[in-house]
Amino acid sequence: MTPLPMSPLTSPMTLTPTITVIVLFAALLHASWNALIKSGRDVLMDTALVAAGATTVAAPLLLFFAPPPLASWPYLLTSIVLHIGYYLTLVGTYRAGDMNLGYPLMRGIAPLLVALISVIIFHESLSPAMWLGIAGISGGIISLSLLAGNLHSGVRKVMLFAFANASLIAMYTMVDAAGVRQAGNAPNYVLWMSFLEGMPFAALVLWLRRRAFVAHARLHWRRGIIGGTFSMLAYGIALWAMTKAPTAAVASLRETSVIFAAFISAFLLKEKLSFARWLGAAMILGGIVALRQ
């Protein structure tokens, strides 16, 4: 299979210490907006608020950023459809179980799928150390759910939603990685994507629950603005990093957000933080070290 064309921004593809630190910051932002959603009373409403918040924050910035080139629009539009599915399965996962069960499952499976797809589609070459790092991060992430005392009678439903969500994460990650490279400019692509992708999902929720959503937005609009900003920055940083480093490495590093989520869920949401979860965190840190070899 012929690899997808790369922009000049992608060479050389190296996971430098600076990129590592920046992506870890993006991981913190990602965990934070997920905690905002999970801590609210209505996951569907808050997810829609975050989506609308990203659109609201991106809108005025479009005056200073031109639309990305036409070659990137098929990727951008495909990503919007995939993100709607992502939001729906995210809501389903959080309704079915705790954040410290669903979040690690969603984020742990996705890097493995991204790694396999990136080798096939992008023809990216991953060293043995990178494969070891990806496996360590994913294994550690998944263990945070399955080995940390989170199993219960409803776990099957959580796992089904989480696997569907992870599959969508892998798909939109690869689509956007290709799209941002076609665009040749990460900020332009990310801002236009953030502006466009929030509207369909928010409109869907508004259509389904108009009065409730309007009332919820009046009370919690700040949550949407903060969450939307964090969401846009977190994903924007990840896509920028994918123009500088291998997609699979960045995707795996980004999912270290589960470490931040574990502490957020323990100290803010009062969810259990067991020894097994510390062990999973250690595996993730080991994977980060391996990625940097």
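The values are calculated or read from the model by the stated rules, or taken from the named source; none is laboratory data. The shown structure was predicted, so the numbers you read here are calculated from the model rather than taken from an experiment. No Cβ is skipped: glycine too gets one built from the backbone with ideal geometry, and neighbour counts run over all protein chains shown. When the accessible area is computed, the model is the full protein with side chains, heavy atoms only, and any ligands, DNA or RNA have been set aside. Shrake-Rupley method; radii C 1.70, N 1.55, O 1.52, S 1.80 Å.
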Residue count, the stretch 111-128 (criterion: under 19 Å from GLY286 (Cβ atoms), of a type in the set (Gly, Ala, Ser) and at pLDDT 80 or above): 1
Conditions (1) open to solvent by 30 Å² or more (accessible area, probe 1.4 Å); (2) more than 19 Å from GLY227 (Cβ to Cβ); (3) part of a loop (DSSP other than H, G, I, E, B) -> PRO68 fails only (1)
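Yes or no, residue by residue, for (1) closer than 20 Å to LEU49 by Cβ; (2) small (Gly, Ala, Ser):
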residue	(1), (2)
ALA177	no, yes
GLY184	no, yes
ASN188	no, no
LEU196	yes, no
MET199	yes, no
VAL205	yes, no
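Would you confirm whether any residue within the stretch 260-270 is modelled with pLDDT of 75 or more, under 14 Å from the mean Cα position of the chain (by Cα) and farther than 16 Å from ILE19 by Cα?
There is at least one residue in the stretch 260-270 that is modelled with pLDDT of 75 or more, under 14 Å from the mean Cα position of the chain (by Cα) and farther than 16 Å from ILE19 by Cα.
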Which number in (1) modelled with pLDDT of 80 or more; (2) surrounded by 14 or more Cβ atoms within 10 Å (Cβ to Cβ); (3) of a type in the set (Ser, Thr, Tyr); (4) closer than 28 Å to ILE121 by Cβ marks the one condition that THR10 misses? (1)
